[in-house]
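The values are calculated or read from the model by the stated rules, or taken from the named source; none is laboratory data. These numbers were taken from a predicted model, which means no experiment stands behind them. Note: ideal-geometry Cβ built from the backbone for every residue, glycine included; neighbour counts use all protein chains shown. With ligands, DNA and RNA removed, areas are computed over all heavy atoms of the protein, side chains included. Shrake-Rupley method; radii C 1.70, N 1.55, O 1.52, S 1.80 Å.
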Amino acid sequence: MTRHSPIHADDTVVLSALNVAKSYGNVQALKGVNFDVHKGSVTTLFGENGAGKSTLMKILSGVIQPTSGDIILDGQPVHFSRASDATARGISIIHQELSLAPNMNVRDNIFMGREIMGATGVDYAEEARQTAALMAELEEEIDPLTPVEDLRLGQQQLVEIARALSVKSRILIMDEPTSALSASEVEVLFKVIRDLKARGVSIVYISHHLEEALQITDHAVVLRDGEMTARAPRAEIDLEWIVRSMVGDNFDLGTPPTGYDLGAPALTIRDLTLPDTGHTLRNVVDGVSLEVRAGEIVCIYGLMGAGRTEMLETAAGRLTPTSGSVMLDGQDMIGLTIAQRIDRGLVLVPEDRQRDGLVQTMSVGQNLSLASIGAFTRGLFTSKSDEKELIDRSIREVTVKTDGGDAPIGSLSGGNQQKVVIGKMLATNPRVVMLDEPSRGIDIGAKAEVFSLLAKGARDKGLAVLFSTSEVNECLSIAHRIIVMRRGRISAEFDHTVTKEQIMAASGEAAD
Ligand SMILES: Nc1ncnc2c1ncn2[C@@H]1O[C@H](COP(=O)(O)OP(=O)(O)OP(=O)(O)O)[C@@H](O)[C@H]1O
Ligand SMILES: [Mg+2]
């Protein structure tokens with residue numbers, strides 16, 4: 001990626017944080033940070049999970065208040081007691097966690113609390129018209145009356161974005177806006193961001209997808225452990241600079257584990273087919289056959305819409321295929337429920353971890369042990385200490401940054417919540433673990449940790465691993481084998497000596 005965004009900015013600073021600190025009990029989320037938002041440009045905030053990015057953004061948008069420090073807007077100190085104070089001054093935020101009401105329709109989600117009033121009450125027709133216009137701008141034609149819960153995750157994220165755009169703010173904060181978007185949806189969003197910039201809107205952007213974020217970055221800022229460790233204009237930085245500033249030293253995502261023989265096929269999928277529920281005549285999963293042997297790590301690469309998620313969800317029992325078979329150690333899994341499959345040792349870490357993976361009202365520890373609760377209530381192991389040991393081990397293994405197992409899940413940073421879901425699934429001691437985009441939203445350090453954990457499981461316990469990704473570099477890390485999916489089918493299969501270009505070509509994507 002060599003595309004650079006032009007800098008329209010005259011380098012005026014519109015909004016700053018001055019020496020801002022924030023503590024949550026003993027946790028010092030921000031330790032005196034200075035941060036500038038430049039007019040008409042994109043300021044990108046990089047940092048590991050728990051570095052304090054969302055905390056800083058919530059302070060700038062009035063959602064929470066700093067423990068100390070000042071906010072300066074247009075050269076004047078301001079005090080925001082609530083989010084609406086910031087909105088009134090032209091600052092809005094797209095939150096990392098979706099904040100839509102699932103049972104309400106798209107229109108009402110966008111205009112909730114800011115209804116357009118006509119002569120005889122709320123002007124629903126005008127609201128619907130504006131909703132349709134916003135969705136058209138985002139090139140996602142969705143009926144304004146569709147309930148949000150009927151939309152796929154990426155579409156929900158676009159509604160969230162549309163809502164922020166509808167406010168016409170002059171400072172727009174985007175906290176991980178693309179985590180569920182497809183490559184083409186990201187392109188559209190970037191076009192919208194460039195338009196906003198041209199109109200003088202200032203943008204703060206946060207993403208763990210570093211290469212993607214670099215495409216629109218004008219100013220880069222790196223937070224580390226609540227402190228700002230680096231900042232520079234786009235022209236002076238590259239990917240390596242970001243990685244180095246984020247984690248401090250060199251690391252990589254690992255290599256395929258070796259030194260042992262692969263076992264028998266643990267997961268065997270034959271001719272799996274799932275029809276499209278929509279209007280295309282094509283099957284979403286179209287006669288997919290694949291095999292993962294004990295101890296083997298296989299990566300599935302593909303663009304969004306290639307059918308990766310659907311294939312994995314069908315294998316896990318979340319979707320019902322029209323034909324084909326899924327076998328675990330030679331045993332037929334079709335007809336078994338998700339729970340029965342988990343029990344047999346076939347687990348999926350889903351893509352939408354926030355919704356499907358966590359119980360928001362429970363603690364970190366309760367969430368971690370949820371899926372493996374059977375292990376503590378069965379046979380001799382009914383003890384609390386076994387459970388505590390498992391929780392502590394999981395927290396360590398997936399490097400969850402938390403005060404401890406009793407902390408509420410909501411107190412964790414977004415990426416750390418995702419690590420809890422991964423830890424929870426691994427704690428069930430699976431034979432086959434499938435992970436759908438395991439690295440979305442987690443920082444590169446944590447990615448390396450998760451990958452090394454999977455590699456260890458494969459080598460030491462004969463765990464069979466099947467993970468999907470849309471980042472080629474991740475395929476070229478620990479996977480022994482790489483399968484490329486395109487339009488519901490397997491379009492190519494490679495061993496780990498394949499090049500980035502070959503993988504991308506097979507997916508229908510050009511490596512630029
Ligand atoms: N409500 C809260 N209560 C207690 N601790 C919190 C709360 N919110 C955040 N924290 C802690 O503050 C620190 C910074 O969290 P923050 O959400 O800002 O991180 P982040 O940089 O956005 O990470 P991520 O990339 O994972 O989203 C973390 O250690 C987190 O656990
Ligand atoms: Mg965050």
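I'd like the full set of residues that are open to solvent by 20 Å² or more (accessible area, probe 1.4 Å) and of a type in the set (A, V, I, L, M, F, W, C), limited to the range 426-441.
LEU426
How many residues does the range 197-220 hold that are within 24 Å of the chain's Cα centre (by Cα) and open to solvent by 10 Å² or more (accessible area, probe 1.4 Å)?
8
Given the range 24-105, what strands (runs of 3 or more DSSP E) lie entirely inside it while holding 2 or more residues that are within 16 Å of ligand 1 (Cβ to nearest atom)?
27-38, 42-47, 68-73, 91-94
Got a sec? Which of ASP252, ASP225, ASP276, ASP261 is surrounded by fewer than 16 Cβ atoms within 10 Å (Cβ to Cβ), within 16 Å of ligand 2 (Cβ to nearest atom) and either over 28 Å from ALA164 (Cβ atoms) or of a type in the set (Lys, Arg) (or both)?
Testing whether each residue is surrounded by fewer than 16 Cβ atoms within 10 Å (Cβ to Cβ), within 16 Å of ligand 2 (Cβ to nearest atom) and either over 28 Å from ALA164 (Cβ atoms) or of a type in the set (Lys, Arg) (or both) leaves just ASP225.
For the range 353-385, give me the residue count where each residue is under 15 Å from GLY423 (Cα atoms), at pLDDT 70 or above and assigned to a loop (DSSP other than H, G, I, E, B).
2
Residues in the range 304-336 that are in contact with a helix residue (DSSP H, G or I) (Cβ under 6 Å, 6 or more places away or on another chain), buried (at least 19 other Cβ atoms within 10 Å of the Cβ) and either among the polar types (S, T, N, Q) or farther than 27 Å from LYS456 by Cα (or both): how many?
Number satisfying all stated conditions: 1.
Can you name the residue in the range 28-51 that is open to solvent by less than 10 Å² (accessible area, probe 1.4 Å) and within 10 Å of ligand 2 (Cβ to nearest atom) and, of all such residues, is farthest from ASN416 (Cα to Cα)?
LEU45
Going by the conditions given, is SER54 closer than 22 Å to GLN157 by Cα, open to solvent by less than 10 Å² (accessible area, probe 1.4 Å) and within 16 Å of ligand 2 (Cβ to nearest atom)?
No.
Just checking, which of LEU412, LEU463 is within 13 Å of ligand 1 (Cβ to nearest atom), in contact (Cβ under 8 Å) with a residue 24 or more places away in the chain, over 13 Å from TYR301 (Cα atoms) and not small (Gly, Ala, Ser)?
LEU412
What single numbered condition from (1) within 27 Å of GLN28 (Cβ to Cβ); (2) at pLDDT 75 or above; (3) open to solvent by 70 Å² or more (accessible area, probe 1.4 Å); (4) in a helix (DSSP H, G or I) fails to hold for LYS388?
(2)
Taking the range 442-461 on its own, how many of its residues are within 16 Å of ligand 2 (Cβ to nearest atom) and either part of a helix (DSSP H, G or I) or open to solvent by 10 Å² or more (accessible area, probe 1.4 Å) (or both)?
4
Is there a residue in the range 155-178 that is without any contact (Cβ under 8 Å) to a residue 40 or more places away in the chain, open to solvent by less than 20 Å² (accessible area, probe 1.4 Å), farther than 20 Å from THR55 by Cα and under 16 Å from the mean Cα position of the chain (by Cα)?
Looking through the range 155-178, at least one residue is without any contact (Cβ under 8 Å) to a residue 40 or more places away in the chain, open to solvent by less than 20 Å² (accessible area, probe 1.4 Å), farther than 20 Å from THR55 by Cα and under 16 Å from the mean Cα position of the chain (by Cα).
Would it be correct to say that ASP271 is surrounded by fewer than 16 Cβ atoms within 10 Å (Cβ to Cβ), in the same structural domain as VAL498 (by TED's automatic domain parsing) and either without any contact (Cβ under 8 Å) to a residue 40 or more places away in the chain or more than 16 Å from ligand 2 (Cβ to nearest atom) (or both)?
Against the criterion (surrounded by fewer than 16 Cβ atoms within 10 Å (Cβ to Cβ), in the same structural domain as VAL498 (by TED's automatic domain parsing) and either without any contact (Cβ under 8 Å) to a residue 40 or more places away in the chain or more than 16 Å from ligand 2 (Cβ to nearest atom) (or both)), ASP271 qualifies.
Could you run through the range 225-251 and say how many residues are in contact with a Gly (Cβ under 6 Å, 6 or more places away or on another chain) and under 15 Å from PHE35 (Cα atoms)?
Going through the range 225-251 one residue at a time, the tally reaches 1.
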